Amino acid sequence: AMPFIAGKSGKVVSGSTTINVENWSFTWTVEELECTTTGSGQAREFIAGLTEGEGEFESCWDTTNPIITSPPNIIPGKFVDLSLYIDATRRFRMTAYITEVETELEAEGTVSYTASFMMSGALVTTPG
């Protein structure tokens, strides 16, 4: 078997409520702090600062599991226990602050939404 993972097994979970999504993205970064001194041998030096993360997920509006109910509570200004699964067991888990929910309606398509979030605190779980 190939050591790669197909995206078809991914999902988003808010609390204990599964949100079936078309896609999700998550960017995990660390702030770089420059600490170059006269003793740095004419080269810049850096240390790690604070970590942060942000992302979004997209899906069709599901009337049987509306995102604005509690749970899953995907409402701007709310904090949720969010897990972004890359397969059945591997996930990024965090407390997420919901920053935006953009809803889109297409006359010849579906009603869909994009929910954006920022990580609050450190990652609780990272995929192995």
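Key figures for this structure:
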{"quantity": "Check on residue 128, closer than 18 Å to residue 10 by Cβ, in a loop (DSSP other than H, G, I, E, B) and out of contact with any helix residue (DSSP H, G or I) (no Cβ under 7 Å at 6 or more places or on another chain)", "calculated": "yes"}
{"quantity": "Candidates 85, 97 - the one that is without any contact (Cβ under 8 Å) to a residue 60 or more places away in the chain, within 11 Å of the chain's Cα centre (by Cα) and open to solvent by 30 Å² or more (accessible area, probe 1.4 Å)", "calculated": "97"}
{"quantity": "Filter result (open to solvent by 50 Å² or more (accessible area, probe 1.4 Å) and either within 23 Å of residue 121 (Cα to Cα) or of a type outside the set (D, E, K, R) (or both)) within the range 20-31", "calculated": "20, 23, 24, 25, 27, 28, 29, 30, 31"}
{"quantity": "Subset of the range 1-42 [in a loop (DSSP other than H, G, I, E, B), under 24 Å from the mean Cα position of the chain (by Cα) and not β-branched (Val, Ile, Thr)]", "calculated": "3, 4, 6, 10, 15, 16, 20, 22"}
{"quantity": "Within the range 4-19, considering residues that are surrounded by 16 or more Cβ atoms within 10 Å (Cβ to Cβ) and not β-branched (Val, Ile, Thr), the one nearest to residue 86 (Cα to Cα)", "calculated": "10"}
{"quantity": "The range 48-63, residues that are farther than 15 Å from residue 27 by Cβ, among the hydrophobic types (A, V, I, L, M, F, W, C) and open to solvent by 80 Å² or more (accessible area, probe 1.4 Å)", "calculated": "61"}
{"quantity": "Residue within the range 32-47 that is touching a residue at least 40 places away in the same chain (Cβ under 8 Å) and surrounded by 11 or more Cβ atoms within 10 Å (Cβ to Cβ) present", "calculated": "no"}
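The values are calculated or read from the model by the stated rules, or taken from the named source; none is laboratory data. What you see is a predicted model, and the numbers here were worked out from it, not measured in a lab. Don't worry about glycine lacking a Cβ; one is built from the backbone with ideal geometry, like all the others, and counts go over all protein chains shown. Ligands, DNA and RNA are excluded from the accessible area calculation, which covers all protein heavy atoms including side chains. Shrake-Rupley method; radii C 1.70, N 1.55, O 1.52, S 1.80 Å.
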